[in-house]
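Please read the structure below before turning to the comments.
Values in this text are rule-based calculations from the coordinates and carry no lab data. All figures in this text were calculated on a predicted structure; none of them were measured in a lab. Here the Cβ positions follow ideal geometry from the backbone for every residue, glycine too, while neighbour counts run over all protein chains shown.
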Amino acid sequence: MRITPLNNLPFGYKSVLKTEWLKGNLPTVKYGIYGGKLKPYNVTLEHIRPHSKGGSTELANLALAVDVNNWGRSNQPFKLFFSRAIFDQYCEQFKDVVLPEFDGNKYIEALRKTVERAIK
């Protein structure tokens with residue numbers, strides 16, 4: 001029987017955000033949305049509004065997170081895990097980052113709107 005590490009399970013969520021980070025194209029991004037240090041073996045995509053509760057896989061609803069933080073939250077309300085200071089630091093990592101398929105400033109703007117709705 002072959003055992004697959006949890007972080008390699010194919011959940012089907014792909015995003016330019018994680019793809020570009022794994023390629024090393026986002027060198028300023030070192031910490032996830034909950035403050036954990038991102039590593040290639042622990043980086044996951046976090047849905048601000050959980051997928052199980054109708055959240056989309058659009059970039060505005062996604063953030064990078066350490067796997068254990070993502071799993072710990074599961075589909076609980078984002079506001080229970082939210083820290084304004086850590087969120088602001090997360091966003092700052094993307095400031096002025098421009099790639100062919102990704103604009104950090106637009107990502108920050110869209111993510112902030114999603115988060116503001118989630119923490120009300």
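Show the residues, 5+ positions off or on another chain, whose built amide H is closer than 5 Å to the amide H of TYR31.
When sequence neighbours closer than 5 places are left aside, the close amide H contacts are LEU38.
In the P(r) worked out for the chain, what percent of Cα pairs fall beyond 17 Å?
I get 53 percent for the Cα pairs in the chain exceeding 17 Å.
Of all GluC sites (Glu not before Pro) in the stretch 21-120, which ones are in loop regions per DSSP and have a Cβ with at most 16 other Cβ atoms within 10 Å? Can you show the working numbers first?
Numbers: sites: GLU46, GLU58, GLU92, GLU101, GLU109, GLU116; in loops: GLU58, GLU101.
In loop regions of the stretch 21-120 (DSSP not H, G, I, E or B), the sparsely surrounded GluC sites (Glu not before Pro) are GLU58, GLU101.
Return the loop-located trypsin sites (Lys or Arg not before Pro) in the stretch 67-112 (DSSP other than H, G, I, E, B) with at most 16 other Cβ atoms within 10 Å of their own Cβ; answer none if there are none. Walk me through the numbers before you get to the answer.
Numbers: sites: ARG73, LYS79, ARG84, LYS95, LYS106, ARG112; in loops: LYS95.
Loop-located and lightly packed - LYS95.
Sort out the exposed loop chymotrypsin sites (Phe, Trp or Tyr not before Pro) in the chain (DSSP loop, at most 13 other Cβ within 10 Å) and tell me the longest stretch that has none. Walk me through the intermediate numbers first.
On the way: sites that count: PHE11, TYR13, TYR41.
Free of exposed loop sites, the longest segment is 42-120.
Mind listing the long-range amide H neighbours of VAL97? Cut-off is under 5 Å, sequence gap 5 or more, other chains count too, H placed in the peptide plane at 1.01 Å from N.
Result for VAL97 returns GLY104, ASN105.
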